[in-house]
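Asker: Would you mind keeping the following structure in view while I ask a few things?
The values are calculated or read from the model by the stated rules, or taken from the named source; none is laboratory data. From a predicted model like this one, the values you see are computed outputs, not experimental measurements. Positions of Cβ are generated from backbone atoms using ideal geometry, with glycine treated the same way; all protein chains shown enter the neighbour counts.
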Number of protein chains: 2
Amino acid sequence: MDAIDFDLEQFLPFRLNRAAEFIALRFAGAYKAKYGLTRPEWRTLAALGSSGRMTATEVGAHSTMHKTKVSRAVFALEERRWLKRTQHEDDRRVEHLELTAAGAKAYRELTRLARDYSAELETLLGKDGLKALSSGLAAVEGVMAKPR
Amino acid sequence: MDAIDFDLEQFLPFRLNRAAEFIALRFAGAYKAKYGLTRPEWRTLAALGSSGRMTATEVGAHSTMHKTKVSRAVFALEERRWLKRTQHEDDRRVEHLELTAAGAKAYRELTRLARDYSAELETLLGKDGLKALSSGLAAVEGVMAKPR
DNA sequence: AATAGACAGTTACATTTGTAACCATACTCT
DNA sequence: AGAGTATGGTTACAAATGTAACTGTCTATT
């Protein structure tokens with residue numbers, strides 16, 4: 001079969017996916033094995049930790065997760081007492097989400113791990129590799145931001 | 001909360017994942033909606049289409065998928081008559097996988113779409129963005145290849 | 001040749017995910 | 001005010017996935 005004109009190995013979506021899985025999986029060990037968090041949970045924690053009080057919808061927008069993922073993550077974090085909800089006074093559909101003291105503590109610990117991992121990535125990929133990757137991603141992000 | 005020292009938005013694993021989802025999803029429409037293929041199925045098809053006859057294990061290595069994913073994808077493609085298996089003469093554990101004529105045809109059609117999408121990406125990301133992304137990914141791939 | 005270990009691929013089960021339908025509340029327009 | 005529609009969030013169900021155990025075959029060692 002004509003191997004000439006298409007090679008999965010060079011196809012950008014494939015490469016991007018594979019790289020993302022690889023990079024993410026390494027870090028997932030930190031929150032998964034150590035804290036038993038799922039990815040949506042970690043993302044929710046990180047969103048609330050860095051931006052403070054937000055609604056579920058905002059968390060979803062911030063970390064590009066579907067409502068249902070956010071909803072489930074919020075439940076899980078709430079059960080752990082890492083997060084608390086409060087009703088919006090004016091609109092009872094909305095609920096504000098906020099980390100508890102315990103949640104904030106976990107967040108700080110995890111961000112420390114995240115920073116360590118970032119540093120590790122820099123040495124692994126090299127300054128140039130990192131820079132290239134980052135600016136490539138910025139290009140993608142530019143496209144994502146567009147109205148479509 | 002201290003938003004200063006960590007921002008999910010800048011965390012590479014997060015950015016990479018988000019970009020990969022975005023890029024992959026756009027193309028997934030092509031094989032998902034149009035042919036009803038799952039991603040593992042498309043990858044298997046692509047591996048066999050570009051490299052010809054392979055074993056399931058080889059497909060997995062080539063496209064970094066777990067055995068079970070490959071196994072299920074092979075089943076699905078076989079049911080569609082896009083793929084046939086033949087036993088290895090010397091080792092009856094092994095089976096060779098190969099596309100049928102129908103499978104090869106589908107592969108060709110899909111590679112056409114893949115090429116179109118690649119071209120679209122080039123215009124979307126710009127020559128420079130694409131180049132940066134590609135070399136950034138190459139850096140990651142270099143790390144992946146290492147013995148670990 | 002007999003036992004033990006490795007390997008290819010499959011299957012079973014639990015977990016995660018995506019889709020769509022669903023509540024409840026709020027807004028808009030007449 | 002009342003009908004229709006939009007929105008925040010949850011739930012139910014189906015499909016996809018990961019983990020681990022399993023079957024069958026091969027290889028090595030004795």
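Asker: For A:A104, are the conditions met, namely being under 26 Å from A:E41 (Cα atoms), modelled with pLDDT of 95 or more, under 18 Å from the mean Cα position of the chain (by Cα) and facing chain B (nearest Cβ under 7 Å)? Step through it out loud before you land on a result.
Answerer: Values: under 26 Å from A:E41 (Cα atoms): yes; modelled with pLDDT of 95 or more: yes; under 18 Å from the mean Cα position of the chain (by Cα): yes; facing chain B (nearest Cβ under 7 Å): yes.
So A:A104 fits the description; yes.
Asker: Right, another one. Among the candidates B:R43, B:R72, B:R26, which residue alone is closer than 30 Å to A:A139 by Cβ and modelled with pLDDT of 95 or more?
Answerer: When all the criteria are applied, what remains is B:R43.
Asker: Of all residues in the range A:21-45, which are in contact (Cβ under 8 Å) with a residue 40 or more places away in the chain, within 15 Å of DNA strand C (Cβ to nearest atom) and facing chain B (nearest Cβ under 9 Å)?
Answerer: Selection gives A:F27 alone.
Asker: Here is a follow-up. Which pairs turn up if I take residues in the range A:81-108 that are over 16 Å from A:S51 (Cα atoms) and look for partners that are near DNA strand C (Cβ under 9 Å from one of its atoms) and at pLDDT 95 or above with beta carbon separation below 7 Å, at least 6 apart in sequence or on another chain?
Answerer: Between residues of the range A:81-108 that are over 16 Å from A:S51 (Cα atoms) and residues that are near DNA strand C (Cβ under 9 Å from one of its atoms) and at pLDDT 95 or above, the close pairs are A:H88/A:V94.
Asker: Still on this model: For the range B:1-33, give me each residue that is over 20 Å from A:F27 (Cβ atoms) and surrounded by fewer than 21 Cβ atoms within 10 Å (Cβ to Cβ).
Answerer: B:M1, B:D2, B:A3, B:I4, B:L25, B:R26, B:A28, B:G29, B:A30, B:K32, B:A33
Asker: If I go through the range A:63-101 residue by residue, how many of them are more than 8 Å from DNA strand D (Cβ to nearest atom), within 14 Å of another protein chain (Cβ to nearest Cβ) and within 17 Å of A:L37 (Cβ to Cβ)?
Answerer: 8
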